[in-house]
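Quick notes on the structure that follows.
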Amino acid sequence: MSTSAVSANSVHQDMHTYFQERNSDLKKLGQALMSGDLSAARQEFAAIQDLAQNSPFGSGREFGVGVRQNDFAAIGQALQSGDLQAAQQAFAELRSTAHRTHTEPPPVVFPMSSGDDAPATAPSTAQGSGLSVTA
């Protein structure tokens, strides 16, 4: 097996392990929030932050999608201030954005022609179109 194949397999395994651990920690965070245990919720929040620092992505961010990262930060702010209800609401938002980012197809973007709002069209290939190519 080539070195690049081993590296790709290793990176894939690291990513798989990261997502498994993050999902497990998120589940524990949700359970702690629903049971009203702020101390356990803070511990799980910190565990997710620590996991992100050593993630295979190297970004140090807990989530790659900005909306989800913002929801996660809101959980941390609520936990820091001791606001259980706000932390629960932010966690619900985080779960909601997870479902939206995995179920909605990406928007279709059409290139625009310069200067107007109509989608760009391919040049005509019909004879007599007036197009000429020079070298």
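Numbers below:
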| quantity | calculated |
| --- | --- |
| Test for S39: is it among the hydroxyl-bearing types (S, T, Y), assigned to a helix (DSSP H, G or I) and over 24 Å from Q13 (Cβ atoms) | yes |
| Matching residues in the stretch 29-59 - criterion: being among the polar types (S, T, N, Q), surrounded by fewer than 17 Cβ atoms within 10 Å (Cβ to Cβ) and in contact with a Lys or Arg (Cβ under 9 Å, 6 or more places away or on another chain) | Q43 |
| Selection count, the stretch 60-69, where residues are assigned to a helix (DSSP H, G or I) and either in contact with a strand residue (DSSP E or B) (Cβ under 9 Å, 6 or more places away or on another chain) or surrounded by 15 or more Cβ atoms within 10 Å (Cβ to Cβ) (or both) | 3 |
| Residue identified as at pLDDT 85 or above and either of a type outside the set (A, V, I, L, M, F, W, C) or out of contact with any Pro (no Cβ under 9 Å at 6 or more places or on another chain) (or both) among G30, G66 | G30 |
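The values are calculated or read from the model by the stated rules, or taken from the named source; none is laboratory data. Note that the coordinates shown come from a computational prediction; the quantities given were computed from them, not determined experimentally. In this analysis, Cβ positions are derived from the backbone assuming ideal geometry, glycine residues included, and neighbour counts consider all displayed protein chains.
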